[in-house]
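Only one structure is covered here, and it is reproduced in the block below.
No lab work stands behind these numbers, since they all come straight from the coordinates. In this text, all values refer to a predicted model and were calculated from it rather than measured experimentally. Every residue, glycine as well, gets a Cβ built from its backbone with ideal geometry; the counts of neighbours run over all protein chains shown.
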Amino acid sequence: MIYVFDASLTGLLTAIFECFERKNGTVTLIAEKYHQPDAFNESLYVYSDEQKAERVWLALQKKLSPIGLRKFYCGYLSEIPEAYNHLFQYSIYIFKNSFGAENNYGNAHVTALSKYAKSVEREKHRMEAFIRFQQTADGIFYAGIDPDFNVLPLISNHFKNRYADQRWIIYDLKRGYGLHYDLNKVEEMTLSFSAETNKAKPVLAAMDEKEALYSILWKDYFKSTNIPARKNTKLHVQHVPKRYWKYLTEKQ
Amino acid sequence: MFDRIREKLNVLADAAKYDVSCSSSGGTRKNDNKGLGDSHSSGICHTYTEDGRCVSLLKILLTNHCIYDCAFCVSRKSNDVKRAAFTVDEVVELTMNFYRRNYIEGLFLSSGIFKNADFTMERLLLVVKKLRLEQRYNGYIHLKTIPGASDELIKEAGLYADRMSINLEMPTEAGLKLLAPEKSHADVIKPLSFVQQHIVQFAEDKKLIKHIPKFVPAGQSTQMVVGATSESDKDVMYMASAFYKNFALKRVYYSGYVPISHDTRMPVIGTQPPLLRENRLYQTDWLMRFYGFKIQEILNDANPNLDIDIDPKLSWAIRNMQHFPVDVNKAEYAMILRIPGIGVTSAKKIVQARKFGRLRIDQLKKIGVAYNRAKHFIICADSPYQIKDYQGTQIKAFILAESPSKYLKTDSNQLILF
């Protein structure tokens, strides 16, 4: 039996509900966009249902430690096609066993989830490290990113606490939404770019006059603090993989 | 004006770069005044230099004018280098603007000694006070304690800084006397223990009174230069161990000496810095702090130096084969932690997972154990039956054969035979 869902968190939780409700035996969960109908397996489309999802979420909270719950959420944010089924099987395993089953690292779904969560947390941490704000002419600090995973919900609080006295926007160019902080609260927002804008690095004309100055000082600092006698390019690239260089002022 | 700042930044960042500490961890300062900055308990490395070191703080000297003439230091009085000095406002502006753009996690402020210790310490204090009080800056501040500064100044600085540090420079007193006759380890120990006493004192008071200011919440650290004089690894690590114990240091840094002068007492310019040795010292440091090893187990009179071709944990295991193989399904956590190929995370996962059933090889691999290394030292549910008992030296040969050290490929001291 295959369950097909809309790749939303609500959909995922509803699928878990349906599985226990309908008792279909062995079920595999797959997101709609990756689903290829085949002749040998029956499939069921799961319609997202807020109430069912809410019940499952509350039940998960009772069955998992806060760390376990966070891992579950991170696993969902990974958006990896196989992760959905692992999350689904993991939840079934958790519900069928007593509290603490999340620590059974001998279980394939527990280790898989642990791996996804680690990747997502690493990407979150990298965004906290590698985002570079540019001050625009109207005083907003802007950063465009395209992270491997959907980490905006995870980094929101970090930036809100840290940059409490400046307005900022962090925009996920890949997923087409961003966070905007207006000195009071963080809100989700969408921007409409004209075709010719360079979204990641907007033109200098739109920037504050001091922006170019500080980016030059930062590049200088990056050069001066390096010790050429200890050059180790392999280690450098290991810490700052090349796909992140586009964010980094000092690597332009 | 702008060019002048650029030049100063280049000179003073260049002079500060030999201080390796760049950690921003352990800060507990919260952004509770709607200002700028909030600490991150594990710290954040915002970028890495081309030598692979983390850049988390804006690491600069206030000035590189110095009255001392320490042979190992690039800012020594007799060295013919460009000198510069920042004003207090310049440092504050730079820090705030770099922080606002998420370039840095905070400021690391050090200084050459100009005029005298108190005069220098006062200037450093002015910078941190201005940042904290006028700019409402809550980011990380790592401040150098200037040896010989008065107690009042050091105490006041401790109220604004997150971490304070003061460098031992040379691992042995004899080495220090050779290269910096004006300095002694006692000059370092006095302020280190002064700050430590106050950290303890503030923590005690905190138990009684709720609202007490923070005092050096991220603790203290120090640094030793290795490879400038002829100390053994045992000298270095015993010194480090004693400082961890006596002053509850958060970190001891080991900095492989990068030749910067033609002084005949030290390695000449062009000599490769001892990067591999530095790496082994850090590994030993980690074994001491996170793996429950006593330093005497790793380094002693029989083994005064660390093995270069294998890491110290493997080296210990090979010298102590009587403890192995360890049954990962039965052994206690402390012993699992000592198995080569198993780190802290895997060890914890093993202890959790084995409650649910005996662990097999495939499960260990999924947990993250470096099985090819660990297999010589463990027994698990489906370990292959082994008739032959291998000697430590044989195991070492097996491991080296399948995983040659990443350093040996580029080791310049190694002659190529064929």
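Details
- Rounded to whole Hz, the Karplus (6.51, -1.76, 1.60) HN-Hα couplings of the range B:340-354, x for glycine and proline: x, x, 10, x, 4, 4, 5, 4, 5, 5, 4, 4, 5, 5, 6
- Residues with amide H under 5 Å from that of A:ASP172, placed H, sequence gap 5 or more: A:ILE145, A:TYR177, A:GLY178, A:LEU179
- Local charge for B:CYS66 was computed over the other residues whose Cβ lies under 10 Å away, with Lys and Arg +1 and Asp and Glu -1, and equals +2.
- With 26 Å as the limit on Cα-Cα distance, the pairs of A:LYS219/B:LYS30; B:LYS77/B:LYS183; A:LYS234/B:LYS349; B:LYS8/B:LYS177 that go past it are A:LYS219/B:LYS30; A:LYS234/B:LYS349; B:LYS8/B:LYS177.
- Across chain B, C-alpha contacts under 8 Å between residues 6 or more apart give a mean separation that, scaled by the residue count, equals a relative contact order of 11 percent.
- For the pair the range B:15-77 / the range B:183-210, the C-alpha centres are spaced 22 Å from each other.
- Sorted by Cβ density within 10 Å, fewest first, the residues B:ARG265, B:ARG360, B:ARG277: B:ARG265, B:ARG360, B:ARG277
- Put a dot 7 Å past the Cα of A:ASP38, heading toward its Cβ, do the same for A:GLU79, and the two dots end up 2.7 nm apart.
- Residues B:PHE290, A:PHE149 in ascending order of nearby Cβ atoms (within 10 Å, fewest first): B:PHE290, A:PHE149.
- Comparing B:ILE378, A:LEU173, B:GLN201 along the charge dipole axis of the protein assembly as shown, the residue lying farthest to the positive side is B:ILE378, per the Cβ-charge model.
- Listed as lacking a disulfide-compatible partner in chain B: B:CYS22, B:CYS66, B:CYS380, by the criterion of no other cysteine Cβ under 4.7 Å.
- Among B:HIS142, A:HIS109, a tally of other beta-carbon atoms within 10 Å of each Cβ gives an order, fewest to most, of A:HIS109, B:HIS142.
- For the range B:312-410, relative contact order (Cα pairs under 8 Å, six or more residues apart, normalised by length) works out to 32 percent.
- Rounded to the nearest whole Hz, the Karplus-based 3J(HN,Hα) values (6.51 cos²θ - 1.76 cosθ + 1.60, θ = phi - 60°) of the range A:81-86 follow the sequence x, 6, 4, 4, 5, 4, with x at glycine and proline.
- For B:LYS59, the residues whose amide H sits under 5 Å from its own are B:PHE108, ignoring neighbours fewer than 5 places away on the same chain, with H placed 1.01 Å from N.
- Other protein chain Cβ atoms within 10 Å, averaged over every residue that makes up A:98-106: 6
- 3J(HN,Hα) along the range B:82-91: 5, 10, 8, 8, 7, 8, 4, 5, 4, 5 Hz, from the Karplus curve 6.51 cos²θ - 1.76 cosθ + 1.60 with θ = phi - 60°, whole Hz, x for Gly and Pro.
- For chain A, a Gaussian network of Cα nodes joined below 10 Å ranks A:VAL120, A:VAL240, A:VAL46 by mean-square fluctuation, and the top entry is A:VAL240.
- Taking amide H as placed 1.01 Å from N in the peptide plane, the amide H of B:VAL326 sits under 5 Å from that of B:ILE378, B:ILE379, each at least 5 places away or on another chain.
- For chain B, modelled as a GNM whose springs connect Cα atoms under 10 angstrom apart, the maximal fluctuation among B:MET288, B:MET164, B:MET237 occurs at B:MET288.
- Alpha-carbon centroid distance for the pair the range A:2-24 / the range B:104-136, whole angstrom: 59 Å
- Between the range B:260-275 and the range B:375-392, the alpha-carbon center distance in angstrom: 46 Å
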